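Q: Could you have a look at this structure, given as structure tokens, before my questions?
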Amino acid sequence: MKLKILFYSLLSILLFSNCAQKKGEDSIKANYLDFSKRDDQFTGGIKMIPITTPKGTFKVWTKTVGNNPKIKVLLLHGGPGLTHELYECFDGYFPNESIEYIYYDQLGSYYSDQPDDDSLWTNERFVEEVEQVRIALGADSSNFYVLGQSWGGILAMEYALKYQKNLKGLIISNMMASIPEYNTYAQEVLAPQMDSTILKELQEMEKNDDFDNPKYIELLFKYYYTEHILRKPLEEWPESINRCFEHINPNVYVFMQGHSEFGITGNASLKNWDVKDRLKTITVPTLAIGSKYDTMDPAHMKWIANEVQNGRFLFCPNGSHLSQYDDQKTYFTGLIKFLKDVDSGTFKKG
């Protein structure tokens, strides 16, 4: 008799829990596009957030899409010096899942203030900027995720290494944890895959610092970018990506990344960046995304997922550096599953 009572009690608790969860999900979905209780209704979700720096106060541009008190994903764009526009395809997937996400142009990028001061372009200062953005958005460890791609992945790792106490989850998309290893992959694996005549012509222009030569950009886009950045003919590239490249801040990009696309060379500030030995200290649920044709070694991305304490690897077999476009179904299926698993408490590493 007692066992029967215990059984029905447990069953009642389980049913109540499932009903409560379903009710919560329904409430989030019903209020996802309700801006009436938000302070950014007037601007449609856009906020110009003041950022304190050693060189004064500047403003950065953000735009929040949707309402979800449990999942808020801050999108850290690449470059450095590119824009949030490379993420605009997220509009086709996240709203349907009631995932709140925040577009964000880092300081120096097109929609934010663009001070002319190279001393501002350091990893440490960008990390503090992200933390100030988090505070301004009212996000915390109960709901805050950062998703960083390429340079944004560097920033995401650096942020997690200092502020993971404020994170619910971390997504490192298409970025290795070591620039020296990225350089080796670019120069010894990717470059030799190019037509030898084209490669020689590009290398000759790089040797002569002839980066402003229109021929350099033309060859780079036609023979390298369409293989490893976005695997579509240039005429089929999404308008959002073309707009993103048009809006790049070359001063920030060259200072941190350098001119060459075959690794980070010269005096670029990121040249020796490497956090491989520190990744094991990251405990928050982490998704590492790698792609077969990426500029980043997918095997290294899998290593990252195994190196952090609670990592999962997502492989995009048809993707390149912008796999959210050229392997879209794989990318968003895996990304959304990660967010939902962490949110529901069912996340398992692997």
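The values are calculated or read from the model by the stated rules, or taken from the named source; none is laboratory data. Values in this document were obtained by computation on a predicted structure and should not be read as measured data. Heads up, the Cβs are rebuilt from the backbone with ideal geometry, glycines too, and the neighbour counts pull from every protein chain shown. To get the accessible areas, we keep the full protein, side chains included, count just its heavy atoms, and leave off ligands, DNA and RNA. Shrake-Rupley method; radii C 1.70, N 1.55, O 1.52, S 1.80 Å.
Q: Compute the helix-to-body angle for 151-163: its Cα long axis versus the longest principal axis of the chain, expressed 0 to 90° and rounded to tens.
A: Once rounded, one gets 50 degrees.
Q: I want to make sure I understand the PRE zone here: with the label point 7 angstrom from the Cα of LYS232 toward its beta carbon, which residues in the stretch 89-127 have backbone N atoms less than 15 Å away?
A: 89-93
Q: Among residues other than TYR104 whose Cβ falls under 14 Å from its Cβ, what is the net charge (Lys/Arg +1, Asp/Glu -1)?
A: Combined, the nearby Lys, Arg, Asp and Glu give -3.
Q: If I model a spin label as a point 7 Å beyond the Cα along the Cα-Cβ vector, how far apart are those points for LYS292 and LYS165 in nm?
A: Rounded to a tenth, the inter-label distance reads 4.4 nm.
Q: Length gain on complete extension for the stretch GLU97 to LYS200, per 0.36 nm per residue less the alpha carbon to alpha carbon distance?
A: 32.4 nm
Q: Considering only protein heavy atoms, what per residue accessible area in square angstrom results for the stretch 197-345 with a 1.4 angstrom probe?
A: Per-residue accessible area for the stretch 197-345 comes out at 46 Å².
Q: Please give the calculated 222 nm ellipticity per residue for the chain, where each DSSP H segment of at least 4 residues contributes -39500 (n - 2.57) and the sum is spread over every residue; nearest 500 deg cm²/dmol?
A: My calculation for the chain gives -11500 deg cm²/dmol from helical runs alone.
Q: Which residues among the stretch 128-170 fall inside the zone where the amide N is under 18 Å from a point 7 Å beyond the Cα of PHE42, along Cα→Cβ?
A: The answer is 137.
Q: Ignoring ligands, DNA and RNA, how do LYS271, LYS222 rank by accessible area with a 1.4 Å probe, largest first? Each step should come with its number before you reach the end.
A: Details: LYS271 80, LYS222 115 Å².
Ranked list, largest accessible area first: LYS222, LYS271.
Q: Quick one: which residues, 5 or more positions from CYS316 or on another chain, have an amide H under 5 Å from its amide H? H modelled 1.01 Å from N in the peptide plane, none for Pro or chain starts.
A: Amide H to amide H, under 5 Å and 5 or more residues apart or across chains, CYS316 pairs with GLY290, SER291, LYS292.
Q: Does a label point 7 Å from the Cα of ASP140, set along Cα-to-beta-carbon, have any residues of the stretch 43-84 with amide nitrogen under 20 Å, and which are they?
A: Counting backbone N atoms under 20 Å from the label point, the list is 67-74.
Q: By its C-alpha gyration tensor, with a ≥ b ≥ c as the square roots of the eigenvalues, how is the stretch 190-326 shaped: rounded for a/c under 1.5, else prolate for a/b larger than b/c, else oblate?
A: prolate
Q: Calculate what fraction, in whole %, of the accessible area of the stretch 139-268 sits on carbon and sulfur atoms when a 1.4 Å probe is rolled over the protein chains.
A: 46
Q: So what's the net charge close to ASP294: Lys and Arg +1, Asp and Glu -1, counting the other residues with Cβ under 14 Å from its Cβ? Let's see the in-between values first.
A: On the way: positive: ARG231, LYS292, LYS302; negative: GLU181, GLU227, GLU261, ASP297, ASP326, ASP327.
That works out to -3.
Q: Can you bin the stretch 268-330 into rounded, prolate or oblate? Criterion: square roots of the alpha carbon gyration tensor eigenvalues sorted a ≥ b ≥ c, rounded for a/c under 1.5, prolate for a/b above b/c, oblate for the rest.
A: oblate
Q: Mind checking which of PHE211, ILE229, SER196 is farthest towards the positive end of the stretch 169-244's charge dipole, using Cβ charges of +1 (Lys, Arg) and -1 (Asp, Glu) about the Cα centre?
A: Of the candidates, ILE229 comes out farthest on the positive side.
Q: How much accessible surface area, in Å² rounded to 10, belongs to the heavy atoms of MET175 with a 1.4 Å probe?
A: Only protein atoms counted, so the area is about 10 Å².
Q: Another question about this same structure. If you plug each phi of the stretch 93-104 into the Karplus form 6.51 cos²θ - 1.76 cosθ + 1.60 with θ = phi - 60°, what whole-Hz ³J(HN,Hα) values come out, in order, with x for Gly and Pro?
A: Per residue, the Karplus-derived 3J(HN,Hα) values read 10, 5, x, 5, 9, 6, 8, 7, 9, 10, 6, 7 Hz.
Q: Oh, and also: Given a 1.4 Å probe, how much area per residue of the stretch 52-166 is accessible, in Å²?
A: 31
Q: May I pose another question? Checking the a/c ratio against 1.5 first, then a/b against b/c, what shape does the Cα gyration tensor give for the chain?
A: It is prolate, given that a/c is not under 1.5 and a/b is the larger ratio.
Q: Mind listing the phi-derived Karplus ³J(HN,Hα) values for the stretch 279-292, rounded to whole Hz, using 6.51, -1.76 and 1.60 with θ = phi - 60°, and x for any glycine or proline?
A: Per-residue couplings from phi come out as 4, 5, 8, 7, 10, 5, x, 10, 10, 9, 10, x, 9, 4 Hz.
Q: Full-extension gain between LYS222 and GLN193, please, as 0.36 nm times their residue separation minus the C-alpha to C-alpha distance.
A: 9.0 nm
Q: From largest accessible area down, sort ASP297, ASP209; use a 1.4 Å probe on the protein chains.
A: Correct descending sequence by accessible area is ASP209, ASP297.
Q: Pull up all non-local amide H partners of TYR101: gap of 5 or more, or a different chain, and H-to-H distance under 5 Å with H placed in the peptide plane.
A: VAL65, VAL73
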